[in-house]
1. So, counting K/R as plus one and D/E as minus one, what does the shell of residues with Cβ under 13 Å around B:Pro437 add up to?
2. Over what distance in Å are the Cα centres of the range B:59-105 and the range A:129-155 separated?
3. Between A:Gln149 and A:Asp190, what length in nm is gained on full extension when 0.36 nm per residue of separation is reduced by their alpha carbon distance?
4. If you add up the charges near B:Asn176, with Lys and Arg at +1 and Asp and Glu at -1, over every other residue whose beta carbon is less than 10 angstrom from its beta carbon, what do you get?
5. Specify the angular offset, from 0 to 90 degrees and rounded to the nearest 10, of the alpha carbon long axis of helix B:261-275 from the longest principal axis of the alpha carbons in chain B.
6. What share of all Cα pairs of the protein assembly as shown, in percent, falls into each consecutive 10 Å distance bin?
7. Within chain A, which complete DSSP H helices have Cα atoms spanning at least 15 Å along the helix axis and a mean Kyte-Doolittle hydropathy of 0.5 or higher?
8. Please give the FRET efficiency for B:Glu143 paired with B:Asp349, using the beta carbon to beta carbon distance and R0 = 45 Å, rounded to the nearest 0.05.
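No lab work stands behind these numbers, since they all come straight from the coordinates. Since this is a predicted model, take the numbers as computed values, not measurements. Here the Cβ is made from the backbone with ideal geometry for all residues, glycine too, and neighbour counts use every protein chain on show.
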Amino acid sequence: MSTVKATRPLDPSPRLRRRIKPVKIASFTALLVTTFLMLLPLFFMVSTSLKSKREMLKFPPTFLPESWALRNYVDIFETLQFGTLYKNSLIIAGFSVFGTLLSSALVAYGFARYRGRGNNFWFILLLSTMMLPYPAIMIPQFVLFSKMQWIDTFLPLIVPAFFGSAYNIFLLRQFFSTLPEELFDAGRIDGCGELRMWRTIALPLSAPALATVAIFAFIYSWNDLLTPVLYLSSSDKFTLPVGMASLTSSRFRIPPWHLLMVASVLAMVPIVTLFAIAQKQFVEGIVLTGIK
Amino acid sequence: MKNKMKSKRYALLLATALTVSAVLAGCGGGKSAGNVAAGDSGARNTGGSGEQVTISHYTIDSEDRTFIEKLIPDFEKAHPNIKVKVEKAPYEQFDSKLQTLIAGGNSPDVTSHYGYGGFAEYYNKDMLLDLTDLIQEDGFKAEDYHIPENLMKIYTVNGHTYGIPVNMYVTLMLYNKDMFNAAGVSYPPSDYEDKSWTFDRMVEDAKKMTLVSDDIAKTQYGVDFTWAERDMRPLYFGAEPYSEDTWTNGGVPSETHFDSPEVIAAYQKLFDLVFKEKVSPTSEWSKSVAGQNGDPFVAGKIGMSIGGSWNLAGANDFPFKIGVAAVPWGGNDKVRSTLFVDPLLILKDSKHPKEAFEWIKYLMTTEVQEKSIELSGGNPPVNTEAAEVYYKHFDGIDPEDVKKVYEGAVKYGYESYNHLITNYSQINDMFINELQPVETGHKTLKEVMPVIQKKVTEIIKR
């Protein structure tokens, strides 16, 4: 970066500055407009979450709530067992992220560092699992887990994460292959075992990619609806998406959109937090691995 | 042929996936089992010990369905050997979970057709237990539970009973009293025997209330006619798109007549409301006012709304005064209202059908049906004795009107096709897609109906 800067004239001529300006204004306006458009649904989500049930049905809809129904944020805990749902979702997502990171990083390390016989074959086999849609494995998997007596536990939602996911393995493998060989040679000279090199060299250098995988794994688990619906049957084990889906499940009632929006606002918090923490790493991870 | 090969390949894939996942899960099971507190899994399969039996009732995860959990304690007190467990899923996932549970050997005992698939679909997939012997053995009589005999017949195929009706929605007209008052139009009657109440008069009334303006906030329409699902609407005008045998053989029509002049004329009359008379909203307008699945009536922009009686459930929250009225006569002397009767079904794989039947009987008693109205927030009972309580349930609506509308609807009612015809969810999806260009004015019925006729025939054969 610094070399590029140095070749630029330090003080651009006034003419040049004038030429750049309108472009800058235009691009800033464009950015502002898109930002506004992107934030509009978000704004309506928050605004609806503060409307009363009656105001929610109004047409044309009000932009800001007429009377701020802060009570909605209390009511959601009474309508759904919101605290329990939230806790369950966090537990499951937490273990899933840990499991995905651990297993995917190990497998990806293997694929990136070793040139074994049939390497490509196994990698293609791995990638082809991405093409198997969940509904195709839904029933056999259910039969399996039910034989293991795992129904109505969190295990079917967590354990599969410990067996890697093709997409994340692919992503990490790309990143691991960019790490310079010299580092590992140095490690080997100092008497490092393979597992230790993975832990002390590969992992610390791959923070951006790991952050990316963590965010993907978290969002996937956090939003997953079908799997918890299939495997959980007691209400006190339900996850957030299951509880939120129940709000719109009646075909015979007007859905309580205001409460659903409250739930959505609150459900967004962990994702936004996680993204805020890992943002810098995340963007880098996407750029460096070439994955979009 | 191509399909067969595809499914074979699919099966192979499935088998491979199963083996691989079995191997994988087998070696890793213990590793992380300690991480999470294991629940009381397997409790449901221990029915045999000490004659204590657990049955499960599978339903939708929404307040108007899960209220049955509150009825369990009293039932268990009266039947100490039976435990009832409620298993639930959101509407969208209802069918997937049911299929998975059955395929996985964890079949629920009691359920209803609450998902996309109707009774006929369950029946033709051979999922249902024939209740005839159970009923005989038990001495169950519909009249003891005040279930009208004609409703019992709905879920009887070739003399075999497969379901006990529990709730009944009808088609009725809701009208916005404020809009009627503003336009100076007299309220429509709730009496089905009032011969002056016809489709044409409804259109006349609607014209007086319709106001189309460039300002979307000022626009309002006289009538929104969403009678039954799309394929059933010709019946309202007296045209029958499915052959007679459909209703007796478990929902497999030998013939359909969607391209007949009568059926096309019937649809024409409905689309004329939008394009010729201009008293009904276009589907785009409705969506912009009320959202994808919303009802513009709720927003106070529609004078009369013909639809399912579930629209009544939100009545207490509407910001305007409403009334209920009879569905006007449209040319069919026998049918004016669609009935949506939900049965309780016992699944074929149930391990305790007798105990499940005890639970169903309990849910049908007048006392429980009355209690259910309040607990569910206004589910209409099938039990005619309990129905008296239902008629009084709605603030600001005359119970006499609700009663007249319900009784008229049963007299002039026909069960909704979506419960009676096989592969219905596919038929319905196809109808929505194919009629879309007509609803937006891009195609005519004459172009579309022959295509629909062909596709219906294909779907039924599947």
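1. Values: positive: B:Lys443, B:Lys446; negative: B:Glu284, B:Glu434, B:Glu439, B:Glu447.
The answer is -2.
2. 21 Å
3. Details: separation 41, 0.36 × 41 = 14.76 nm, distance 4.74 nm.
Once the chain is fully extended between A:Gln149 and A:Asp190, it gains 10.0 nm.
4. Result for the neighbourhood of B:Asn176: +2.
5. Around 70 degrees separate the two axes.
6. Taking all Cα pairs of the protein assembly as shown, the binned fractions are 2, 11, 19, 22, 20, 14, 7, 3, 1, 0, 0 percent.
7. A:14-49, A:82-113, A:134-147, A:166-177, A:207-223, A:257-289
8. Between B:Glu143 and B:Asp349 the formula returns 0.90.
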